[in-house]
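Undergrad: Take this structure, written in structure tokens, and hold onto it; I'll ask about it next.
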Amino acid sequence: MISIGPDTGIHNINRIIKIQKTVPTITAINFSNPWLIQEIEPNAAAVIGTFGVKTEALMDVIRGRFNPTGKLPITIPANQEAVANDKMDVPGFDESPSYVYKAKSGDKYGFDFGLS
């Protein structure tokens with residue numbers, strides 16, 4: 001298992017990208033905050049956004065034992081520039097369209113995006 005982010009101490013994502021380019025990889029991201037994902041999302045075979053879910057429950061989703069549902073309660077920023085230029089104290093859904101991350105699939109990871 002590899003984790004990235006300020007709480008893990010792993011700041012160099014080159015290893016994750018190398019793995020993603022070597023084998024189809026499902027990338028699960030615990031969205032405790034609106035992470036910047038523009039470097040790892042394009043190389044992932046799939047991205048699953050979680051919010052503190054147990055590993056066993058995540059594996060049930062991946063194995064098809066449970067059909068997931070859920071909507072983003074936050075907006076994922078497009079990049080660091082979008083974060084730097086955001087309107088302070090304004091929720092992501094009120095930011096300009098350029099603030100929202102657009103996945104390789106064309107989906108926009110804005111507030112209320114997800115499965116139902």
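All of the numbers you see were taken from the coordinates with simple rules; none came from a lab. In this text the structure is predicted, and so the values were computed from the model without any measurement. Because the Cβ atoms are built from the backbone with ideal geometry, glycine has one as well, and the counts that use them run over all protein chains shown.
Undergrad: When each pair of different Cα atoms in the chain is counted once in the 1/r mean, what is the Kirkwood radius in angstroms, to one decimal?
TA: One decimal place: 15.2 Å for the Kirkwood radius.
Undergrad: Considering amide H positions built from the backbone, and no H for Pro or chain starts, which residues 5 or more places from residue 30, or on another chain, come under 5 Å of its amide H?
TA: Under 5 Å from the amide H of residue 30: 50.
Undergrad: Of 18/71; 18/104; 18/87; 21/104, which pairs sit farther than 25 Å apart, going by alpha carbon to alpha carbon?
TA: Correct reply: 18/71; 18/87.
Undergrad: Next question, about the same structure. Put one equal scatterer on each alpha carbon of the stretch 71-116, apply the Debye formula with no solvent term, and list log10 I(q)/I(0) at q = 0.24, 0.26, 0.31 1/Å to two decimals.
TA: -0.81, -0.92, -1.19
Undergrad: For residue 38, what is the net charge nearby, where nearby means another residue's Cβ is under 14 Å from its Cβ and Lys, Arg count +1, Asp, Glu -1?
TA: Cβ neighbours under 14 Å give a net charge of -1.
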